[in-house]
Amino acid sequence: MYAVLKTGGKQYKVQAGDVLRVEKLDAIAGEKIQFNDILMVGGETVTIGAPMVAGAAVQAEVIDQIKGEKTIHFVKRRRKHSSQRTKGHRQQLTLVRVTEVLASGAESTGVAAAIGTAHARRAAHNTAAAPVVEAPAKPKRAAKAAAATE
């Protein structure tokens, strides 16, 4: 049985035993996670979601948090400017091993959902919302408004 899942803005065709390098997830090594955004499940019968397959999931085990290969961005301005700059970047990735593809019953497994680090940061910042403080009324403006209504 195989499935097509979506994580980190990319789609992956997986089956049990596959090892994937996905965009960084908020999980530690050895933790069991579950991908709930399943676009298609295949096997004896093929189920295509509209847009997602209800109740389907892919369970995986986090192997490690790694960095991808370095990409180098070299900029050279020629002729009269004669300047150059080198910038590099290594993408943060999570290495996961797919353990199981579930066609149904994903809600009752009790395994934590795989969420990205940006989503986790956003959720952490939004939990304790700052109280809304009203600005004090300006006395001259209040007096003018009261005089205008009389």
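Structural remarks
- Net charge of the neighbourhood of PHE74, taken over other residues with C-beta under 11 Å away and scored Lys/Arg +1, Asp/Glu -1, is +3.
- Note on the chain: GNM, Cα springs under 10 Å; of GLU134, GLU61, GLU107, the largest mean-square fluctuation is that of GLU134.
- Other residues with beta-carbon under 15 Å from the beta-carbon of GLY9 carry, at +1 per Lys or Arg and -1 per Asp or Glu, a net charge of +2.
- Kirkwood radius and radius of gyration were both taken over the C-alpha atoms of the stretch 4-150, and their ratio Rg/Rh is 1.30.
- Cα-centred dipole magnitude for the chain, charges only on beta-carbon of K, R (+1) and D, E (-1), debye, nearest 20: 1920 debye
- Ranked list, fewest to most other Cβ atoms within 10 Å of each Cβ, for LYS70, LYS24: LYS70, LYS24
- 15 Å beta-carbon shell around ARG97, net charge (K/R +1, D/E -1): -3
- Relative to the dominant Cα principal axis of the chain, helix 117-127 is inclined by about 40°.
- Ranked list, fewest to most other Cβ atoms within 10 Å of each Cβ, for THR149, THR7, THR47, THR94: THR149, THR47, THR7, THR94
- Helix 139-149 and the long axis of the chain differ in direction by around 80°, with both axes built from C-alpha atoms.
- Within a Gaussian network of the chain (alpha carbon springs, distance under 10 Å), most fluctuating of GLN15, GLN59, GLN91: GLN91
- By other beta-carbon atoms within 10 Å, ranking PHE74, PHE35 with the fewest at the front produces PHE74, PHE35.
- Given LYS67/LYS87; LYS13/LYS87; LYS6/LYS87; LYS10/LYS67; LYS24/LYS70, the pairs whose alpha carbons are separated by over 21 Å: LYS13/LYS87; LYS6/LYS87
- Prolate/oblate/rounded label for the stretch 42-98 (Cα gyration tensor, a/c 1.5): prolate
Any read-out appearing in this document is the output of simple, stated calculations on the displayed coordinates, not a laboratory observation. In this text, all values refer to a predicted model and were calculated from it rather than measured experimentally. Every residue, glycine as well, gets a Cβ built from its backbone with ideal geometry; the counts of neighbours run over all protein chains shown.
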